[in-house]
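Down below is the structure, laid out as structure tokens.
The values are calculated or read from the model by the stated rules, or taken from the named source; none is laboratory data. Predicted model only: the values in this text are computed from it and were never measured. Cβ placement follows ideal geometry from the backbone for every residue including glycine, while neighbour counts extend to all protein chains displayed. For accessibility, only protein heavy atoms count, side chains too; no ligands or nucleic acids. Shrake-Rupley method; radii C 1.70, N 1.55, O 1.52, S 1.80 Å.
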Amino acid sequence: GENVEQHPSTLSVQEGDSAVIKCTYSDSASNYFPWYKQELGKRPQLIIDIRSNVGEKKDQRIAVTLNKTAKHFSLHITETQPEDSAVYFCAASSNSGNTPLVFGKGTRLSVIA
Amino acid sequence: EADIYQTPRYLVIGTGKKITLECSQTMGHDKMYWYQQDPGMELHLIHYSYGVNSTEKGDLSSESTVSRIRTEHFPLTLESARPSHTSQYLCASSEYPGRGNSYEQYFGPGTRLTVT
């Protein structure tokens, strides 16, 4: 089955700097890669996702890149702000509809003002 | 408003009790999921369902059961609660691939369970 590794487990950056979180996956059949943000005491929420027919996707300060050959994908947050502080989860799945999302273990991002 | 709801939000119960955590969604989603998560930590999939009368076990399904009699309702039952069950339980739902443009998984607010 699919296995998703996520690094680092914790990350501290100064406000205004960039943050990068990396994930690797094992199943070459995976073709959907979402990122979820979970603020303290809140439920996880989708912030961006990418499918395997695209190498990069951007939404304002957030971008995701995908390298299918190397089986890794990354979340990039630019110009970080204190409200970006949260736990971020990457995930992978195939869209066959027969397997649920496999999540990474999460990265706790702290943005220091 | 279309959303996913969980009750109770907080529950303190003694060891050995049988409990049912409720989850309902008003989004018409086919897929529903239960996760166990210690605050801010890894999400562990307990059970999932791809439609009425369909249930599957996840990685952490022991000692619990689910049912899916109605599309909108997906309750989780612990037959005999133990202190090791103390955690937060998150319910989620999503569209069946192909019906919509998004595979987004929507999470409920969670039930925080404490077993004494």
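Below, the figures for the structure above:
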| item | result |
| --- | --- |
| Yes/no for residue B:63 being more than 12 Å from the chain's Cα centre (by Cα), charged (D, E, K, R) and open to solvent by less than 70 Å² (accessible area, probe 1.4 Å) | no |
| Count of the stretch B:76-86 residues which are closer than 17 Å to residue B:112 by Cβ and surrounded by fewer than 17 Cβ atoms within 10 Å (Cβ to Cβ) | 4 |
| Enumeration of residues in the stretch A:65-113 that are touching a residue at least 24 places away in the same chain (Cβ under 8 Å), open to solvent by less than 40 Å² (accessible area, probe 1.4 Å) and within 8 Å of chain B (Cβ to nearest Cβ) | A:87, A:89, A:93, A:101, A:103, A:106 |
| Selected residue (criterion: most open to solvent (accessible area, probe 1.4 Å)) from residues of the stretch B:1-27 that are hydrophobic (A, V, I, L, M, F, W, C), more than 14 Å from chain A (Cβ to nearest Cβ) and in a strand (DSSP E or B) | B:12 |
| Enumeration of residues in the stretch B:28-58 that are over 11 Å from the mean Cα position of the chain (by Cα) and either exposed (fewer than 15 other Cβ atoms within 10 Å of the Cβ) or among the aliphatic types (A, V, I, L, M) (or both) | B:28, B:38, B:39, B:40, B:41, B:43, B:51, B:52, B:53, B:54, B:57 |
| The stretch A:34-53 residues that are over 28 Å from residue B:9 (Cβ atoms), paired with ones that are charged (D, E, K, R) and open to solvent by 70 Å² or more (accessible area, probe 1.4 Å) (beta carbon under 7 Å, 6 or more apart) | A:48/A:57; A:48/A:59; A:50/A:57; A:52/A:68 |
